[in-house]
């Protein structure tokens, strides 16, 4: 098992380096001069000012020098300074990351709590009214746009609070960590987490049902039943663990995507998360911040895939023995 973990950790290093090189090259291939865009602001800008800007940013150095500097800085956790705000990139990300991370974790927990039990029940009760009901719930979640679902959930909460108290409730704007004020924190992140988690669970629910149906038709399940094993033991120990392999993959991918992919949800609920920061960095042509955000998402994807690989080894012992 330890050898398996070490191998997966060593594989993550070239993945991160390759992603960093790709991000660096793509950012340099973007048309336009970032210094002209930064200094112009719709008016004329002198060439001397542009040259000074390029010198300060190190853009006059050869590409190989810039690449080595870029890799060295990221290896030492030096993410540079935002070209637009002038603040350290690490500080910009540290302010926004807790919001997105908390919503992603809560949405994942909600999705797992809904999807795996309902998906399993749907497979066990195939073609019954319960199966049809679960499938309708899942298809509705997949087909519903996230921005519309977010707006409707806000409207519903406002109407309920107005009818109950005579005063419409609005979620707070400023983010407060959960360890400082749990109630205020949940009032900010719970509604977007439920909105995202429902749509997240819909996809996972469908995959859980399909995987369970496939596993339940395997020969070893029929053999276990022929031996007289308790049905609950067959489902939990033999069927569900094997059916969870593709489900765990989907959960990991969706979780990593939520860190930087909550742009619409953050806009609807007025949250200052990583997705919103991503949009602002691109709009402001802040290459340094954009590179750091891309590498943050890549790193989260790599870590998530590593965790998924370890869960594979736990769910299926054949993986670690091979």
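The values are calculated or read from the model by the stated rules, or taken from the named source; none is laboratory data. Please read all numbers here as calculations on a predicted model, not as lab measurements. So basically every Cβ, Gly included, is an ideal-geometry build from the backbone, and we count neighbours across all protein chains shown.
Laid out as a table, the results:
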quantity: Filter pass, residue 232 being touching a helix residue (DSSP H, G or I) at 6+ places or on another chain (Cβ under 7 Å) and more than 20 Å from residue 134 (Cα to Cα); calculated: no
quantity: Single match in 150, 166 (criterion: farther than 30 Å from residue 240 by Cα and loosely packed, with under 14 Cβ neighbours inside 10 Å); calculated: 166
quantity: Positions within the stretch 279-288 being closer than 26 Å to residue 176 by Cα and either outside any helix (DSSP H, G or I) or modelled with pLDDT of 85 or more (or both), in sequence order; calculated: none
quantity: Those residues of the stretch 266-284 which are more than 20 Å from residue 144 (Cβ to Cβ) and under 11 Å from the mean Cα position of the chain (by Cα), in sequence order; calculated: 274
quantity: Scope the stretch 217-241; condition touching a residue at least 24 places away in the same chain (Cβ under 8 Å) and surrounded by 18 or more Cβ atoms within 10 Å (Cβ to Cβ); matching residues; calculated: 235, 239, 240
quantity: Matching helices (runs of 4 or more DSSP H) fully within the stretch 59-149 where at least 1 residues are closer than 19 Å to residue 279 by Cβ and at pLDDT 85 or above; calculated: 89-124
quantity: Search result, residues across the stretch 213-229 that are farther than 18 Å from residue 136 by Cβ and in contact with a helix residue (DSSP H, G or I) (Cβ under 7 Å, 6 or more places away or on another chain); calculated: 215, 216, 220, 221, 224, 225
quantity: Entirely in the stretch 159-265, the helices (runs of 4 or more DSSP H) that have 1 or more residues that are within 25 Å of the chain's Cα centre (by Cα), in the same structural domain as residue 124 (by TED's automatic domain parsing) and within 30 Å of residue 125 (Cβ to Cβ); calculated: 182-216, 240-260
quantity: Boolean, residue 51 is farther than 25 Å from residue 274 by Cα, modelled with pLDDT of 80 or more and more than 23 Å from the chain's Cα centre (by Cα); calculated: no
